Structure formats: structure tokens, C-alpha cells
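Novice: Structure incoming, see below.
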There are 2 protein chains.
Amino acid sequence: MSTAGGDLYAVIMAGGSGTRFWPASRVRRPKQLLPIGIDEPLIVRTSTRLADMIPPERQFVITSARYVGAVRELLPDVPPMQVVGEPVGRDTAPCIGLAGRLVGTLDPDATVVAMPSDHVIGAEELFREHIGVAREALAARPDAILVFGIEPDRPATGYGYLRQGAVLGEFGGRRVYRLDAFVEKPDESRAREMLAAGGHFWNAGLFAFRPRALAAAYAAHLPAMGPRLDRIARAWRGDEFEQILTAEFPSMQSISIDYGVMEKADQALLLPLPIRWDDVGSWAALERLAGAGDDGNVTEGDTLVLSGTGNIVSARDGLVAVKGVDDLIVVHTPDATLVCRRDDAEGVKQIVEALRERGLERYL
Amino acid sequence: MSTAGGDLYAVIMAGGSGTRFWPASRVRRPKQLLPIGIDEPLIVRTSTRLADMIPPERQFVITSARYVGAVRELLPDVPPMQVVGEPVGRDTAPCIGLAGRLVGTLDPDATVVAMPSDHVIGAEELFREHIGVAREALAARPDAILVFGIEPDRPATGYGYLRQGAVLGEFGGRRVYRLDAFVEKPDESRAREMLAAGGHFWNAGLFAFRPRALAAAYAAHLPAMGPRLDRIARAWRGDEFEQILTAEFPSMQSISIDYGVMEKADQALLLPLPIRWDDVGSWAALERLAGAGDDGNVTEGDTLVLSGTGNIVSARDGLVAVKGVDDLIVVHTPDATLVCRRDDAEGVKQIVEALRERGLERYL
């Protein structure tokens, strides 16, 4: 394993503010810190899912500064200095760039896997197997950046897609491709075309790379970002880290790694993941994760649905009693209740915006 | 005013357990102790509505034993001994019978007005004027029992009706009739007929009588009840009152004064009340009491209705946010939320029953 170089490291991206799960999620308690559709906080599941392969000592969490304390409490085995709080959100390029730099200071030959903190993955063993595949592929192509692509099981319009290019080779029995292109979130007919054509995968924001390769790609495509990342990384674990982070981070360009780096990179690889995956993007995800009961309703907590079907009913600290309504989302929390139509994908977001406009931020 | 005899006394009947306003009303906090559609608890409004004419010192409250403490707190000017707790509910005949006996021990020539604690009356001055009319009628017919009848403004099917008989005479410029009959809750077509025919009034459970006349009527029509009421009344304000009340009250027949006494009484009078009245019988009453906003929704508390109309939305200690639904009742309390159709009159009752069956009484 000489070319495989150093250890595997994980970077868990946990910066989201998660208004789409209001009123369960709040500004102070975003989605990734909550149990949604599973019985433990999403970020805890993300960490434990990796632990057999990448123990907590080799996990990093990049989150918002305001969630650092909560994350450290939820993940006590992750070294506190490896939970880093962004002073402001700047999309994924600065986040992953910083994490790559920090891992590189520990082990320049590491293989780093970066992923969101708030997704649910079905076959966890198969997922870990594919991390091994990615590592082998990067041992063969150490200058590449690899993106995992989820094999779609429906013509979803809510995700970006990845289009596969030529076969690079087979690693651990799995084919790895060159990445041909990112495809923006499609409309329904375009999504159906891609599903029928094959060779298109959902972009789940899952990457693997070696720190040196990442640094080289940033130097080439985001040249202003590299020196700032260097200054932050050099200060890490020192007394001036917070001060330098706060000075440098907000000045970086807000851009995703997809468009800032991957799309321009010479060596971008694609590894298909044949697993059930969910981005837990809205209350509607509860049906996929928790499943509907015999009466066609999805419930969690103390609930009573006397008649009606197709409802998603969540009682968090309390009870929801529903009778005679169909296809609604009803969420109770002690200080706020949400009722909207299940097919109204933007409903929760619009409610959150309206609450802000009307001076009801205290409920956000 | 020699024939008018003693003072006016009020008897406020406050025994209901009020599940129809669940989850705002609870076993421990029934409807009459809550503000529903108005800005103070219903029983407080009932007491203050009378106060100009019948001061608290001459008000009695007959409630359930478990609410005595709460009623005394809400009505601090009513003498504590005049707030009496029934050990079990036995409908209106024992309740009014007991109150009549108690007033009689203070003033055998009193005129007593008995009424529910949890109704809302529009023209309060006009209401008091009619109490004066009732007093005059009873001065002329001291052996009669008078029932007030609300002039109907719609063919309501949720109330019993009172049919007027011959004119007895005019008192204070208002006509008083003999009561011809009680009419059970009608179906819609029968209700329309009565509204068209005139001479029919809603039975709001509002009575006036003199203690002696009431005692005579009970002696004639509920002969087993009188001696028990006497034993309780003799013990009133003594050390053994609670003990005797607890021994005697549960043994009395559970029957309404309407069917137990009034229907058989020789001298039953009817005084029409030309006022807006509401029994606050269900969440739907909120529209009549509070009125709908420009968007056609009735709201109370911190609410946001982004689209949709015809909803009744109540946030008690918290917020309700609703989008894209019509004609629903949505009620939030810190530990329980209700969602049902507005036209589902039995919905709340069925939910309460189902919660009991499923071992979720802790939310009742």
C-alpha cells in the first residue's frame, strides 16, 4: 500500500441552517443536529456510519461557528480542534478547501472523503466498500479529485446530476469513470431522459481526494483562495486560530467546489454508488425514510390520525391529532405548529420568509 | 315593590368538562375557565355581565368539585361559600334545585336567575333589562318558573327550542308568554319551519324563579330530590357541608330541569330575549364571536395564514403557520395540536374519545 499512502480521513460538512424542516429545525438547532426520519441526530449517524473505517479521531467537521459547541457535544470522540466553525457560510469550496489543508498538515498523503452531515444512506456497508474503491482509484490517480454519484431510482428534479465519461478502470471490482459534466437540476422531462439514457447520477456532494491534489486544483482554479486557506491552516491549533479564521474566511469567494474546481479540473473522476440515498431535503422525505403506515400516513411521535391519508404528521414533544384531512404536512413543536400541503415543495420556505418579514423571527 | 320581595340573586352553572374545545380545554381546565372568542375567561364575563344588577355577593356558582379552587380564584368577589362543587355531575335539576335552596336560606323572597357560565351574550344592557322584566313577571306570578328564550336568527339544529303559548301579559314593556312546550333539537327542515312560523325560541338554559316556587315544583315533580336538597342546604356553611354534599348529591337523579320540572309544571313562563347569544359550543363559534379577517380566516394568537380561506386558526401559547389549506380548524397548544375539518361537528369529540381509548389520556 505504498501508493495508497496515508490514512483515510473524513470531512463532514455541517454548515446548513435548515429552514426546510421548520418548525422542528430552528436557527439555533438546524436539521443536521436533529433526528429526522431516523432515531438519532443526522450528524451522529453520519459520523458513526464511517467509524468502522474512519474512526472519530480522523474525522473533521466543518460547521457554522454557532454550532461548534453543539457538534462537539454530539460527537465527543471527534477531537474538539477538528470541529471548526465557519464565521460565515461561503459554500463548499472554502469549506472543503480548508478541511483539505487541515488534514494535509496531519498527513499529506491522506485520502480524504468529504460529505454532507445531513444525508441518509441506505446500505452503509456498501458505502464503506466504495470509500475503499475511491481510495484505490486515487492511489492510481493521486492527482485526481473524485466525486461519488448516486444511481438514480426516479427522475428526481431536485438534484443536480453527474454525467459519466470514459471508463478509467476497475478498482475493487467497481468501475470508475472520468467525470464528463455537471448537469444543473433538470426539469421533469430532462430528468426522465437522463434516467432512460443511463450514465447519469445524482450529485450528493460526496468527494474524495488527496490534500496535495486539492491544493493544486485550488491553485489552478481558485488562485485567490489558496493563500488565505494556507494562512488559516498554519494557525490551526494555535492561539491565534480563531482570530485568523475570522479575518480570512469571510473574504473568500462564496462558490461551490463543483463549479469552482471540479468542472475545470483536468482529472475529475466519477464513482457510481449503487445505494439508496436521501438528502432529507424536506418533510416529504419522511415517507421515504420512515415509511407510511397501513392507513397511508407517515407519523412520528405521539400522533392520532382518525381518518384521512397521505399525511405526514410529526409530533415533537407533544401530540398531534388529525381527522378528515389528506396529503397535509402537520408538524407540532411546543411553541410552533406547521400545516401545509404535502405537494407544496416551497411552502415551508415561504412560511419561514413570511415569519421573518412579519417580525416573528422569535419562532425561527 | 313589596310583591317583588327580596333581592335578585344569580346562579351560574359551571359544571361542564368541555371536551369540545380540546386541546385548549382540558379535563383540568374546562371551557368555562378559558377565554374562548373573548378576551377573558367565559365565567368571568358571565359574572361581570351581571354585576351592575346582581353584585358578586349575590352570585352563586355551582361547579364541579375539581374546579372550585379555580373558580374562587377567577371570581374573588363571590363569597367562597357561594362557590359550590358538585361531587359528580347530575345535570341541571339537582344543580338548580340546590342553588335555589341555598338562596332560599338567605332570602326566601329572592328572585333567582340561573344561567350557564360558558355562553356569550351580545347586548348585555338589554339582557339585564330582561332580568328586570322576569322579576316583574314573577312578582305577578310568584309560583311560576320562567325560562328565557333566544330569538333565533337562523334555523339552528344544535339547540332545543321553546314554543310560546298564550300571552300572559306585558311587563316592563315586554311580553311574557306561557310556555307551551319544549322542542327537541330539530332537523334542518323542522328548524326552518319553526323559524318561518315564529313563536319558537332557542333554549339557552336561562331560568328565573323564586326559591319557594322552585321547591314546590320539585316537591310535585321530583319528590325524591327535595329531601336530599333540604339536607344539603341545612348543612351549608357548617362544618359538615362537604361530607353531607358528598353523601347526598351522587344519589340524586341525573335529569335536566327542563324535563324533570319545567315540562310538567303548571306555571311555566316564557320570556323572549331579542339578543345575540352564542353557546360557544365548538371551535366554529369563533367565527361568530371573533369574526373572520379580510382573507376569510378566523385567527387568534400568533398566526400566519399564507394562503387558504375559511380556516379557524388558534395559537394558544405559540404560533400556528398555515399555507394552502381551506376550511380547517387548527389549534396549537404547547403539548397538543388539533387539525380537523371545520364542517366536521363531531370531529373534536371523536378525537377526544379516541385519545382515551388509546391510552393517551395524559393529553386530555
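Read the figures in this text as sums done on the coordinates, not as results from a lab. For clarity, every value in this text was computed on a predicted model and none was experimentally measured. With ideal geometry, Cβ positions are generated from the backbone for all residues, glycine too; neighbour counts draw on all protein chains shown.
Novice: Among DSSP beta bridges whose residues both lie in the protein assembly as shown, state the antiparallel percentage, nearest 5.
Specialist: DSSP beta bridges in the protein assembly as shown are roughly 45 percent antiparallel.
Novice: Where the only charges are on Cβ atoms (+1 Lys, Arg; -1 Asp, Glu), what is the dipole of the protein assembly as shown about its Cα centre, to the nearest 20 debye?
Specialist: Here the size comes out at about 400 debye.
Novice: Is the shape of the stretch A:8-126 rounded, prolate or oblate, going by the alpha carbon gyration tensor and its root eigenvalues a ≥ b ≥ c, with a/c under 1.5 for rounded and a/b larger than b/c for prolate?
Specialist: Oblate is the answer for the stretch A:8-126, as a/c is 1.5 or above yet b/c matches or exceeds a/b.
Novice: May I ask you to report, in nm to one decimal and beginning with the shortest, the distances from B:S254 to the same position in the other copies, taking label points 7 Å along Cα-to-Cβ?
Specialist: Counterpart label points of B:S254 in the remaining copies fall at 6.5 nm.
Novice: Still on this structure, I have one more. Using unit Cβ charges (K, R positive; D, E negative) and no other charged atoms, how large, in debye to the nearest 20, is the dipole of the stretch A:88-180 about its Cα centre?
Specialist: Charge dipole, the stretch A:88-180, about its Cα centre: 260 debye, nearest 20.
Novice: Turning to a different aspect of this structure: Among A:F207, A:F171, A:F148, which one moves the most in a GNM of chain A with springs linking Cα atoms closer than 10 Å?
Specialist: Sorting by GNM fluctuation, first place goes to A:F171.
Novice: For the stretch A:348-364 and the stretch B:109-138, what is the separation of their C-alpha centers, rounded to whole Å?
Specialist: One Cα centre to the other: 47 Å.
Novice: State to the nearest 20 debye the size of the charge dipole of the stretch B:300-364 about its Cα centre, where the only charges are +1 on K and R beta carbons and -1 on D and E beta carbons.
Specialist: Approximately 120 debye in magnitude.
Novice: Under a cut-off of 18 Å between alpha-carbon atoms, report the lysines in cross-link reach of B:K31, not counting same-chain residues fewer than 8 places apart.
Specialist: B:K31 reaches B:K349.
Novice: Hey, if you put +1 on the Cβ of every Lys and Arg and -1 on every Asp and Glu Cβ in the protein assembly as shown, which of A:I43, B:V83, B:L42 ends up farthest toward the positive end of that dipole?
Specialist: It is B:V83.
Novice: While we're here: Specify the residue with the greatest mean-square fluctuation among B:L74, B:L271, B:L286, computed from a Gaussian network of chain B linking alpha-carbon atoms under 10 Å apart.
Specialist: Looking only at B:L74, B:L271, B:L286, the biggest GNM fluctuation is shown by B:L74.
Novice: For chain A, what does the relative contact order come out to in percent, with C-alpha contacts under 8 Å and a separation of six or more?
Specialist: 19
Novice: Take the Cα atoms of the stretch B:149-192, find their three principal axes, and give me the spread along each one in whole Å, biggest first.
Specialist: Result for the stretch B:149-192: principal-axis Cα extents of 34, 19, 13 Å.
Novice: So, one more: What translational D, rounded to a whole number of µm²/s, comes out for the stretch A:8-278 from Stokes-Einstein when the hydrodynamic radius is the Kirkwood one over Cα pairs, at 4 °C and 1.567 mPa s?
Specialist: Estimated via Stokes-Einstein, D reaches 69 µm²/s.
Novice: Once the cut-off is 15 Å, how many percent of the Cα-Cα pairs in the stretch A:285-363 end up in the long-distance tail?
Specialist: Value for the stretch A:285-363: 57 percent of Cα pairs lie more than 15 Å apart.
Novice: Compute the normalised compactness of the protein assembly as shown: alpha-carbon radius of gyration over 2.2 N^0.38 Å, N being the residue count.
Specialist: 1.34
Novice: Round to the nearest 10 and give me the degree value, 0 to 90, for the angle of helix B:92-106's Cα axis relative to the longest principal axis of chain B.
Specialist: That helix lies at roughly 50 degrees to the long axis.
Novice: If you don't mind, there's one more thing I want to ask. Counting partner chain Cβ atoms within 10 Å of every residue's Cβ in B:302-311, what's the average?
Specialist: Rounded to a whole number, the mean comes out at 4.
Novice: Could you tell me the center-to-center distance, by alpha carbons, between the stretch A:35-55 and the stretch A:67-97 in angstrom?
Specialist: The stretch A:35-55 and the stretch A:67-97 have Cα centres separated by 15 Å.
Novice: Next question, about the same structure. Against the longest principal axis of chain B, how steep is helix B:42-51, in degrees 0 to 90 to the nearest 10, with axes from Cα atoms?
Specialist: The angle comes out near 40 degrees.
Novice: In peptide A:315-328, how many Cβ atoms from other protein chains are near each Cβ within 10 Å, on average?
Specialist: 6
Novice: Kindly provide the helix-only [θ] at 222 nm of the protein assembly as shown, computed as the sum of -39,500 (n - 2.57) over DSSP H runs of four or more divided by all residues, to the nearest 500 deg cm²/dmol?
Specialist: -9000 deg cm²/dmol
Novice: Pick from B:G89, B:G281, B:G169: which residue has the top mean-square fluctuation in a GNM of chain B where Cα pairs under 10 Å get a spring?
Specialist: The residue with the greatest mean-square fluctuation here is B:G169.
Novice: If you don't mind, there's one more thing I want to ask. Shielding of A:337-349 by partners, i.e. mean partner chain Cβ atoms within 10 Å per residue?
Specialist: Counting Cβ atoms of other protein chains within 10 Å of each residue's Cβ and averaging gives 5.
Novice: Rounding to the nearest 10 and keeping the result within 0 to 90°, find how far the Cα-based axis of helix A:124-140 lies from the longest principal axis of chain A.
Specialist: Its long axis makes an angle of about 20 degrees.
Novice: Within 10 Å, count the other beta carbons around each residue, average over each peptide in B:9-18, A:300-309, and list them highest first.
Specialist: By packing density, highest mean first, the sequence is B:9-18, A:300-309.
Novice: Across every pair of different alpha-carbon atoms, what Kirkwood hydrodynamic radius in Å does the stretch B:21-76 reach?
Specialist: 11.9
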